[in-house]
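Since the structure comes first, as structure tokens, the remarks are kept for the end.
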Amino acid sequence: MFDTLIAPSQLAAHLGEPDWVVIDCRFELERPRWGEEEYSRARIPRARYAHLDRNLSGAVSAATGRHPLPPPERLAEQFGRWGIGAHSQVVAYDQGPGAYASRLWWLLRWLNHRQVAVLDGGLAAWRAERLPMEQGPASAAGDPPTRFEGRPNEGMTAGTAEIEHAIDSGELSRGRCVLVDARAADRFAGRNETLDPVAGHVPGACNLPFADNLTEGRFLPAERLRERFARVLAGQPAEALVCMCGSGVTACHNLLALEAAGLRGARLYAGSWSEWIRDPRRPVARDS
């Protein structure tokens with residue numbers, strides 16, 4: 001069973017096996033149609049396509065962030081349509097870094113399906129190794145639909161009210177709750193906000209950009225990932241850590257890196273920054 005990362009050569013060895021389901025998660029926030037268009041041109045053989053907005057997120061409201069979690073029932077139905085069953089080994093990939101594939105990885109884990117891994121290096125690594133590609137419009141053939149049985153694990157998430165309480169009670173400042181923001185350093189500092197109407201970060205949060213989990217497009221070795229997160233945990237268990245970002249997507253990259261490092265039990269603040277700033281009364285911090 002692969003439950004964190006899988007190398008291109010490992011996936012290639014299992015292509016076409018009936019219990020293996022491959023999902024293409026390519027996406028760009030600035031060009032929401034780009035990933036689907038690229039998928040229609042070429043993809044890993046037999047891959048299905050997952051759109052971040054339509055398939056991997058719920059409806060946006062005045063109280064949510066930009067990519068709220070989808071309703072569990074709708075998500076389970078979608079997994080079933082992709083042919084994911086109880087014994088399926090799922091592999092998710094995107095254009096390379098894993099920022100969007102890790103969202104699918106986390107959603108499957110949230111519904112208690114553990115046999116899911118992210119292709120390390122994504123399609124860029126697959127192509128670099130000259131592995132097979134399927135060209136042209138995707139055919140209707142693929143994994144037959146099935147019934148996906150899964151219930152959400154509520155212990156994997158943290159809500160805005162909990163983050164507010166952690167600030168008010170001092171748990172965040174005392175390190176009992178460790179809030180880690182996966183956005184790039186300039187956005188975290190409030191110097192270069194391009195996606196959300198308010199710049200800055202949650203007071204007391206620390207910054208570990210998800211891109212720093214990678215070297216040359218691949219995830220760092222487990223020991224280096226452990227060292228990276230150990231600095232912010234400062235002796236606290238991984239269960240004390242809550243991961244966030246702009247909208248709950250790239251935070252999943254840090255959660256995947258934690259699992260790959262053997263640090264289990266961290267949670268996702270699914271609403272993240274874009275939900276936090278919905279209420280102007282919530283505090284905002286910026287670096288000078």
Practice task
For Trp105, state whether it is under 26 Å from Pro209 (Cα atoms) and assigned by TED's automatic domain parsing to the domain that holds Trp34.
Solution key: yes
Completion exercise
Of Ala101, Ala47, the only residue that is crowded, with 20+ Cβ neighbours inside 10 Å, closer than 20 Å to Gly248 by Cα, in contact with a strand residue (DSSP E or B) (Cβ under 6 Å, 6 or more places away or on another chain) and of a type in the set (Gly, Ala, Ser) is Ala101
Problem - Cβ pairs under 9 Å, 6+ apart, first in region 262-282 and among the polar types (S, T, N, Q), second surrounded by 20 or more Cβ atoms within 10 Å (Cβ to Cβ) and not in a loop (DSSP other than H, G, I, E, B) - result: Ser272/Asp181; Ser272/Cys243; Ser272/Met244; Ser272/Ala251
Practice task
Working carefully through the options Ser57, Ser61, find the one that is in contact with a Ser or Thr (Cβ under 9 Å, 6 or more places away or on another chain), farther than 21 Å from Glu129 by Cα, without any contact (Cβ under 8 Å) to a residue 24 or more places away in the chain and assigned to a loop (DSSP other than H, G, I, E, B).
Solution key: Ser57
Handout entry: Hits in region 124-161 (condition: out of contact with any Lys or Arg (no Cβ under 9 Å at 6 or more places or on another chain), surrounded by fewer than 20 Cβ atoms within 10 Å (Cβ to Cβ) and not in a loop (DSSP other than H, G, I, E, B))
Key = Ala124, Arg127, Ala128, Glu154, Ala161
Practice task
Could you tell me whether any residue of region 245-253 is surrounded by fewer than 24 Cβ atoms within 10 Å (Cβ to Cβ) and not hydroxyl-bearing (Ser, Thr, Tyr)?
Solution key: no
Handout entry: Residue check for Gly121: closer than 17 Å to Leu214 by Cβ, at pLDDT 95 or above, of a type outside the set (Asp, Glu) and surrounded by fewer than 24 Cβ atoms within 10 Å (Cβ to Cβ)
Key = yes
Practice task
Hey, can you tell me all the residues within region 69-84 that are surrounded by fewer than 20 Cβ atoms within 10 Å (Cβ to Cβ), in a loop (DSSP other than H, G, I, E, B) and either in contact (Cβ under 8 Å) with a residue 24 or more places away in the chain or in contact with a Phe, Trp or Tyr (Cβ under 8 Å, 6 or more places away or on another chain) (or both)?
Solution key: Pro70
Practice task
Would you point out which residue out of Gly65, Gly98, Gly58 is among the small types (Gly, Ala, Ser), on the phi > 0 side of the Ramachandran plot and at pLDDT 95 or above?
Solution key: Gly98
Completion exercise
The one condition Thr215 fails out of (1) under 22 Å from Leu123 (Cα atoms); (2) out of contact with any strand residue (DSSP E or B) (no Cβ under 9 Å at 6 or more places or on another chain); (3) touching a residue at least 60 places away in the same chain (Cβ under 8 Å) is (3)
Practice task
For region 229-242, indicate whether the set of residues that are β-branched (Val, Ile, Thr) and in contact (Cβ under 8 Å) with a residue 60 or more places away in the chain is non-empty.
Solution key: yes
Practice task
Of the conditions (1) outside any loop (DSSP other than H, G, I, E, B); (2) under 23 Å from the mean Cα position of the chain (by Cα), Arg183 clears all except one; give me its number.
Solution key: (1)
Handout entry: Filter result for Arg174 (of a type outside the set (Gly, Ala, Ser) and touching a residue at least 24 places away in the same chain (Cβ under 8 Å))
Key = no
Practice task
Just give me the residues in region 38-54 being in contact with an Asp or Glu (Cβ under 6 Å, 6 or more places away or on another chain) and in a strand (DSSP E or B), in sequence order.
Solution key: Arg43, Tyr49
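The values are calculated or read from the model by the stated rules, or taken from the named source; none is laboratory data. Fair warning: this is a prediction, and the values are worked out from it, not measured in the lab. Here Cβ is always computed from backbone atoms with ideal geometry, including for glycine, and neighbour counts include all displayed protein chains.
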